[in-house]
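In what follows, a structure is listed as structure tokens, so that the remarks can point back to it.
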Amino acid sequence: MPWLLSSQVERLSSSPSQRQCERTSFSFYCAVREQLPVWLLEDMRGMEVFSWEDGHPRAFLPSEALLYALVHDHQDYARFLLNKYTESALRPPRCSFCCCRSSGAPHLTLAVRYNRVSILGMMVAALKDGHMQDFLDSRGGCLHAADAGKTAVQLAVELSRPDCLLLLLVHGALPTGLDAALQRLVSCDGADRRLAQRCLDFLLLFLPKPPALCRLRDESHRWQSLLGNEVFSWLCGLAPPPLLLQALRCLARSGPDQITALPDFLRLHSWQ
């Protein structure tokens, strides 16, 4: 039947069982979106809703349920999944597009993309110390994914998510993405620039030493006006880190609340 649309062909070629799985999957998605109680969602996941995989229906995994909770900011459901399942809830689920096992930390990058700071905090708190570093610094695996090849820190810098960025850095994520943070700072204005400035400030707090950024010297006047003389000189390797930076580094490592509660005149963006 060549006159049928491709979507109609797919509908005709799928079995009744597959179509039923698609309906129940959508009902589960809607139930999480409507913030239904945790006990009801778990009853649905255990008995009523199914995903279709390799020609067979199967129950939704905790990791897939956590993705739904992240998208819709269902904090109670996310807390339950992380407390009860922890490792399996944070395991990369199978990619629905290419049917391969995902790699990296899709839950982390999704939390950053949707700016789910509370659930991000639950995830890093649920991790065992031995797995923390690998999880925080992992990169997206599937090439077709929007965040492929990026760490959660790099994505937080790219999207100007300062609260997510600080939470990741406090728990030990590598402070990569300084060059991207500088580019982001010069490419935006208004409220976006304030968020980009905060991301840059947080990266500076956790950098062990400034990387070689020759282009700062090539456009010295421009960057001095954006960064201030002290920060500019430090990033160019011409001076030691500013005293305020050295003092705030110890404070930052004690927890994100210590930095975010500071008055404006003690924050890094007041240097210039």
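Some values worked out for this structure:
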read-out	value
Difference of contour (0.36 nm per residue) and Cα-Cα distance, SER187 to ARG139	14.8 nm
Nonlocal amide H pairs with ALA59, under 5 Å, H built at 1.01 Å	SER51
Estimated vicinal HN-Hα couplings, Hz - the stretch 21-28 in sequence order (Karplus 6.51, -1.76, 1.60; Gly, Pro = x)	4, 5, 5, 5, 4, 5, 5, 5
Using θ = phi - 60° and Karplus 6.51 cos²θ - 1.76 cosθ + 1.60, couplings along the stretch 175-187 (whole Hz; Gly, Pro as x)	x, 8, x, 4, 4, 5, 5, 5, 5, 5, 5, 8, 9
FRET efficiency estimate (nearest 0.05) - Cβ-Cβ, GLU219 to ASP54, R0 45 angstrom	0.25
Amide H contacts under 5 Å for ARG94, placed H, 5+ residues apart	SER102
Protection proxy ranking, peptides 44-52, 226-234, 17-25, 153-161, average beta carbon neighbours within 10 Å, highest first	153-161, 226-234, 44-52, 17-25
Computed over the stretch 200-242: relative contact order in percent, which uses C-alpha pairs under 8 Å that are six or more apart	38
Vicinal HN-Hα couplings computed from phi for the stretch 78-92 (Karplus, 6.51 cos²θ - 1.76 cosθ + 1.60; Hz; Gly/Pro x)	4, 4, 4, 4, 6, 6, 8, 10, 6, 4, 5, 5, 9, 6, x
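Bear in mind these aren't lab numbers, they're just calculated from the coordinates by the rules spelled out. Since the model is a prediction, treat every value here as computed from it, not as a measurement. Counting neighbours? That spans all protein chains shown, and the Cβs are built from the backbone with ideal geometry, glycine included.
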